[in-house]
Amino acid sequence: MHEMGIAMQIVEIAAASIPADLAGSRIATVNLKVGKLSAIVPDSLHFCFEAVSRDTALEGARLHITEVPVRAACNACRNEWTIDQPAFTCPACQSADITLLTGRELDIESIELAEEEN
Amino acid sequence: MLLDGINAIRACHHKEGHPHHHPHDGAAPVETHTHGGREIKVVRRVLDANDIMAAANRKRFAEQRIFVLNLMSSPGSGKTTTLEQTLQRLMPEFHCAVIVGDICTTADADRLAASGAPVVQINTDEFGGDCHLAAHVIEKALGGLDLEAIDILIVENIGNLVCPAEFDIGEDKRAVILSVTEGEDKPLKYPLMFRECDAALLNKIDLLPYLDYDIKLAAANILQIHPGIPVFETSAKTEEGFAPWLEWIKTCAKEKLG
């Protein structure tokens with residue numbers, strides 16, 4: 001639902017990441033990490049990205065999304081596991097004192113510039 | 001699963017050798033040549049701009065000694081009625097103010113203003129019809145309030161169980177309202193919201209005699225997502241169950257205000 005705003009931020013950050021000495025370059029790919037717990041629907045994001053990247057250095061660019069699983073660590077028994085069900089207690093000792101290690105990402109990892117045509 | 005960004009860069013280093021360090025600034029990205037164009041490492045949170053503004057809001061709230069509660073829910077869960085009753089009961093003891101988000105009406109603000117608390121209405125229409133209140137929108141709304149005269153600021157977020165959970169606004173605590181007409185499984189369907197909240201209300205309990213609703217299951221589902229958070233069973237209409245909810249707000253506010 002807020003994918004449009006997210007897509008606009010992605011375009012802004014990606015465009016600003018083109019080095020000054022390569023100004024005018026086009027971006028071919030944006031590599032994005034999205035945690036499974038984040039409230040993002042990849043299909044909607046792709047759709048919005050395509051719309052907002054028009055007439056920018058990202059027009060036609062590919063948005064490559066890597067989903068990051070939700071990993072948790074138990075502060076009581078040090079168990080680490082992947083949360084793939086909506087339950088947030090340690091499966092080993094039932095403790096609720098857990099720390100989420102990954103799964104909340106919404107990060108631009110890198111951009112790939114389009115190859116120059118000579 | 002495809003290669004992630006970092007692995008892709010490592011792979012390129014092995015193949016091509018020398019990464020180029022960009023000379024212009026410290027945060028400058030590492031560049032590598034690949035056979036098709038160049039990969040430039042960015043590593044930035046997409047919501048960076050929001051997080052920075054939220055941190056600035058939080059600093060301001062600390063300086064002004066204001067306790068800020070972000071109140072979220074789906075549409076129609078009784079958020080505004082709950083807030084009306086909450087303000088009425090808090091006002092004798094605390095100076096309260098409200099920022100209320102709505103996509104395009106002022107109906108909620110009009111209702112809340114009757115409590116005597118200063119109310120700033122935000123129509124997100126002018127921010128693109130957003131489905132949540134972002135930190136910069138709150139910052140703008142603060143201009144309409146006398147911060148010196150406020151102890152507790154309650155932000156009534158846009159009715160939505162998805163997006164508001166993703167946006168830090170600089171608040172101290174977050175509460176979510178779920179009403180008993182909404183289905184017991186909502187916490188499992190919107191885990192981020194319930195994971196991000198510090199308290200939950202199961203509202204409209206005056207309707208329970210007319211519904212086939214398992215309130216114990218709803219509470220258990222909330223606790224499955226976020227073990228240990230307080231779950232208050234309330235009716236904003238009859239004020240049943242309001243005392244523990246108000247006590248929670250007061251305790252949190254006193255912790256901050258001293």
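Against the definition (crowded, with 20+ Cβ neighbours inside 10 Å, modelled with pLDDT under 95 and either among the aliphatic types (A, V, I, L, M) or within 21 Å of the chain's Cα centre (by Cα) (or both)), how does B:Gly5 come out, yes or no? Can you show your working first?
On the way: crowded, with 20+ Cβ neighbours inside 10 Å: yes; modelled with pLDDT under 95: yes; either among the aliphatic types (A, V, I, L, M) or within 21 Å of the chain's Cα centre (by Cα) (or both): no.
The answer is no for B:Gly5.
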Open item on the list: Restricting to the range A:18-52, count the residues that are free of Cβ contacts under 8 Å to residues at least 60 places away in the same chain and closer than 12 Å to A:Ile111 by Cβ.
Closed with: 1
- [ ] Tell me the strands (runs of 3 or more DSSP E) entirely within the range B:161-258 that contain at least 3 residues that are over 30 Å from B:His136 (Cβ atoms).
- [x] B:231-233
Open item on the list: Can you tell me which of (1) over 21 Å from B:Asn50 (Cβ atoms); (2) within 14 Å of chain A (Cβ to nearest Cβ); (3) of a type in the set (Asp, Glu) is the one B:Glu196 doesn't meet?
Closed with: (1)
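Can you tell me which of B:His136, B:His132 is buried (at least 22 other Cβ atoms within 10 Å of the Cβ) and not in a strand (DSSP E or B)? Please lay out each step first, then the result.
Numbers: B:His136 fails: buried (at least 22 other Cβ atoms within 10 Å of the Cβ).
Of B:His136, B:His132, the one residue that is buried (at least 22 other Cβ atoms within 10 Å of the Cβ) and not in a strand (DSSP E or B) is B:His132.
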Open item on the list: Of the residues A:Ala72, A:Ala76, only one is closer than 23 Å to B:Pro191 by Cβ and either without any contact (Cβ under 8 Å) to a residue 24 or more places away in the chain or not hydrophobic (A, V, I, L, M, F, W, C) (or both); which?
Closed with: A:Ala76
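So that you can scan it fast, the table gives a plain yes or no per residue for (1) in a loop (DSSP other than H, G, I, E, B); (2) facing chain B (nearest Cβ under 7 Å):
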| site | (1), (2) |
| --- | --- |
| A:Cys77 | yes, no |
| A:Pro86 | yes, yes |
| A:Cys90 | yes, no |
| A:Ala96 | yes, yes |
| A:Ile108 | no, yes |
| A:Glu112 | no, yes |
| A:Glu116 | yes, no |
Task: Selected residue (only one of B:Gly183, B:Gly159, B:Gly228 is at the interface with chain A (Cβ under 9 Å from one of its Cβ atoms), surrounded by fewer than 23 Cβ atoms within 10 Å (Cβ to Cβ) and among the small types (Gly, Ala, Ser)) - done: B:Gly228
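Yes/no matrix, rows are residues, columns are (1) within 23 Å of B:Ile222 (Cβ to Cβ); (2) surrounded by fewer than 16 Cβ atoms within 10 Å (Cβ to Cβ):
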residue	(1), (2)
A:Arg26	no, no
A:Thr29	no, no
A:Phe49	no, no
A:Glu59	no, yes
A:Ala72	yes, no
A:Thr82	yes, yes
A:Thr99	yes, yes
A:Leu106	no, no
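The values are calculated or read from the model by the stated rules, or taken from the named source; none is laboratory data. Small disclaimer: the values here were computed from a predicted structure and weren't measured. Ideal geometry is used to build each Cβ from the backbone, glycine not excepted, and the neighbour counts take in all protein chains shown.
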